[in-house]
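**Student:** Questions regarding the structure given below will be posed in turn.
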Amino acid sequence: AQTVTQSQPEMSVQEAETVTLSCTYDTSESDYYLFWYKQPPSRQMILVIRQEAYKQQNATENRFSVNFQKAAKSFSLKISDSQLGDAAMYFCAYRSAFLLRGGADGLTFGKGTHLIIQP
Amino acid sequence: NAGVTQTPKFQVLKTGQSMTLQCAQDMNHEYMSWYRQDPGMGLRLIHYSVGAGITDQGEVPNGYNVSRSTTEDFPLRLLSAAPSQTSVYFCASSDRAGAEAFFGQGTRLTVV
């Protein structure tokens with residue numbers, strides 16, 4: 001079974017600064033997908049960014065980028081120019097590609113990092 | 001475009017009662033799943049489905065049943081509610097393996 005670990009229960013950053021959220025995972029699979037989801041107080045789960053394990057290039061979405069280190073099983077999220085609207089819980093998640101070969105589906109989540117933006 | 005719709009948004013049950021949490025999606029997605037979110041635990045997979053008529057257990061399936069008779073609907077049944085099932089429940093769908101999962105707004109369930 002896969003596990004996802006987020007070692008920072010809470011992070012705080014000044015508005016307009018850059019913050020990096022950590023995520024490590026454990027898997028014996030070679031093909032999988034990684035995600036960062038944001039959950040604001042409204043509790044809606046919102047996709048921030050997606051990474052395919054077979055792609056070397058790190059995914060980026062505007063102010064959000066990842067540092068994907070497959071050998072180290074690390075998938076950190078960098079938020080540049082932090083804004084007050086970025087304040088939320090952030091969850092790292094893993095999804096196996098083995099479903100395509102009859103494996104199990106579903107996302108495995110970390111426990112989350114609570115991001116606070118200081119004005 | 002409604003996306004994934006969960007009903008109800010809030011529910012209080014007494015221990016031993018049964019109920020069904022509804023989930024419907026209008027995106028013609030094959031893959032659907034249920035998660036529960038407890039404080040400090042992240043989201044944990046309860047059951048999932050890869051198409052109509054096909055379901056399987058996730059990490060925490062005990063006390064829950066599912067069925068998938070149509071592509072659109074994936075209800076979650078609590079047969080005999082227990083206080084340990086107090087949680088926020090999320091339904092999600094995606095159109096293929098590895099794709100982004102779209103989530104419903106969640107149901108906050110309290111069992112007293």
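The values are calculated or read from the model by the stated rules, or taken from the named source; none is laboratory data. Quick caveat, the model's predicted, so the values are computed rather than measured. FYI the Cβ positions are ideal-geometry reconstructions off the backbone, even for glycines, and counts take in every protein chain you see.
**Student:** Please pick out the residue among B:16, B:40, B:63, B:98 that is away from chain A (no Cβ under 14 Å) and without any contact (Cβ under 8 Å) to a residue 24 or more places away in the chain. Let's see the steps before the verdict.
**Tutor:** On the way: B:16 fails: without any contact (Cβ under 8 Å) to a residue 24 or more places away in the chain; B:40 fails: away from chain A (no Cβ under 14 Å); B:98 fails: away from chain A (no Cβ under 14 Å).
None of the others qualify; the one that does is B:63.
**Student:** Which of the residues belonging to region B:66-93 are in contact (Cβ under 8 Å) with a residue 40 or more places away in the chain, of a type outside the set (Val, Ile, Thr) and more than 12 Å from residue B:109 (Cβ to Cβ)?
**Tutor:** Within region B:66-93, B:72, B:73, B:74, B:75, B:77, B:79, B:80, B:91, B:92, B:93 qualify.
**Student:** Within region B:83-104, is there a residue that is part of a loop (DSSP other than H, G, I, E, B), in contact with a Cys (Cβ under 9 Å, 6 or more places away or on another chain), within 19 Å of residue B:55 (Cβ to Cβ) and at pLDDT 95 or above?
**Tutor:** Within region B:83-104, one or more residues are part of a loop (DSSP other than H, G, I, E, B), in contact with a Cys (Cβ under 9 Å, 6 or more places away or on another chain), within 19 Å of residue B:55 (Cβ to Cβ) and at pLDDT 95 or above.
**Student:** Which one of the conditions (1) over 19 Å from residue B:97 (Cα atoms); (2) within 11 Å of chain B (Cβ to nearest Cβ); (3) surrounded by 15 or more Cβ atoms within 10 Å (Cβ to Cβ) does residue A:35 fail to meet, given that it meets all the rest?
**Tutor:** (1)
Per-residue answers, yes or no, for (1) surrounded by 15 or more Cβ atoms within 10 Å (Cβ to Cβ); (2) at pLDDT 95 or above:
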| position | (1), (2) |
| --- | --- |
| B:8 | no, yes |
| B:11 | yes, yes |
| B:15 | no, yes |
| B:21 | yes, yes |
| B:49 | yes, no |
| B:54 | no, no |
| B:58 | yes, no |
| B:66 | yes, yes |
| B:69 | no, yes |
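**Student:** Right, here's the next one. Report yes if some residue within region A:21-34 is modelled with pLDDT of 95 or more and part of a loop (DSSP other than H, G, I, E, B); otherwise report no.
**Tutor:** Within region A:21-34, one or more residues are modelled with pLDDT of 95 or more and part of a loop (DSSP other than H, G, I, E, B).
**Student:** Further question: State whether the residues of region A:70-83 include one that is polar (S, T, N, Q), in contact with a strand residue (DSSP E or B) (Cβ under 8 Å, 6 or more places away or on another chain) and under 29 Å from residue B:6 (Cα atoms).
**Tutor:** The answer is no; no qualifying residue exists.
**Student:** Might you check whether a residue that is in a strand (DSSP E or B) and within 15 Å of residue B:104 (Cα to Cα) occurs anywhere in region B:54-72?
**Tutor:** No, region B:54-72 contains no residue that is in a strand (DSSP E or B) and within 15 Å of residue B:104 (Cα to Cα).
**Student:** Hey, could you check region A:52-86 for residues that are within 14 Å of chain B (Cβ to nearest Cβ) and of a type in the set (D, E, K, R) and say which is surrounded by the most Cβ atoms within 10 Å (Cβ to Cβ)?
**Tutor:** A:52
**Student:** Still on this structure, I have one more. Tell me the residue from A:116, A:49 that is at negative phi, of a type in the set (Val, Ile, Thr) and surrounded by fewer than 18 Cβ atoms within 10 Å (Cβ to Cβ), please.
**Tutor:** A:116
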